[in-house]
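Just below is one structure, and these are the notes that go with it.
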Amino acid sequence: MHISLDCIFYTAMKHLKQILSGDPDNKSAFTFFKILKALSKKKAEADAYYKSRNYEKAVDAYSEALLLTGCVGQYKAKVLFNRACCGVLYCISVLVIIIW
């Protein structure tokens, strides 16, 4: 059975919000929530660059996401994969410009 990272991420955020609604002073839940939110924001920024075909900035944004605390495991693998794809697409776009 395959569960997407987005699904796991959404579920984690949902549970953290539930924990914080019942115990707003829960420091570990709040810290983890902030980490996941920062990762999500940076990945969304990189994804937006990718969708607008700005591959160089996408590579930079994915690289910044990799440096954030909490970018581990499958999430890190996904970010590395996305960065590699954007790197290849950037190289291809540069070669096309040079050839023409």
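The values are calculated or read from the model by the stated rules, or taken from the named source; none is laboratory data. Since the model is a prediction, treat every value here as computed from it, not as a measurement. Positions of Cβ are backbone-derived with ideal geometry, glycine not excepted, and every protein chain shown enters the neighbour counts.
With respect to (1) surrounded by 17 or more Cβ atoms within 10 Å (Cβ to Cβ); (2) at pLDDT below 95; (3) more than 9 Å from the chain's Cα centre (by Cα), the lone exception for residue 79 is condition (3). Which one is farthest from residue 94 (Cα to Cα), of the residues in the stretch 36-65 that are of a type in the set (A, V, I, L, M) and surrounded by 15 or more Cβ atoms within 10 Å (Cβ to Cβ)? It comes out as 36. Being in a helix (DSSP H, G or I), touching a Gly at 6+ places or on another chain (Cβ under 6 Å) and of a type in the set (A, V, I, L, M) holds for only one residue in 35, 8, and it is 35.
Evaluation of residue 20 against the conditions (1) over 20 Å from residue 73 (Cα atoms); (2) without any contact (Cβ under 8 Å) to a residue 12 or more places away in the chain shows that the sole unmet condition is (2).
Could you tell me whether the stretch 55-66 includes any residue that is part of a helix (DSSP H, G or I) and in contact (Cβ under 8 Å) with a residue 40 or more places away in the chain?
Scanning the stretch 55-66, I find no residue that is part of a helix (DSSP H, G or I) and in contact (Cβ under 8 Å) with a residue 40 or more places away in the chain, so the answer is no.
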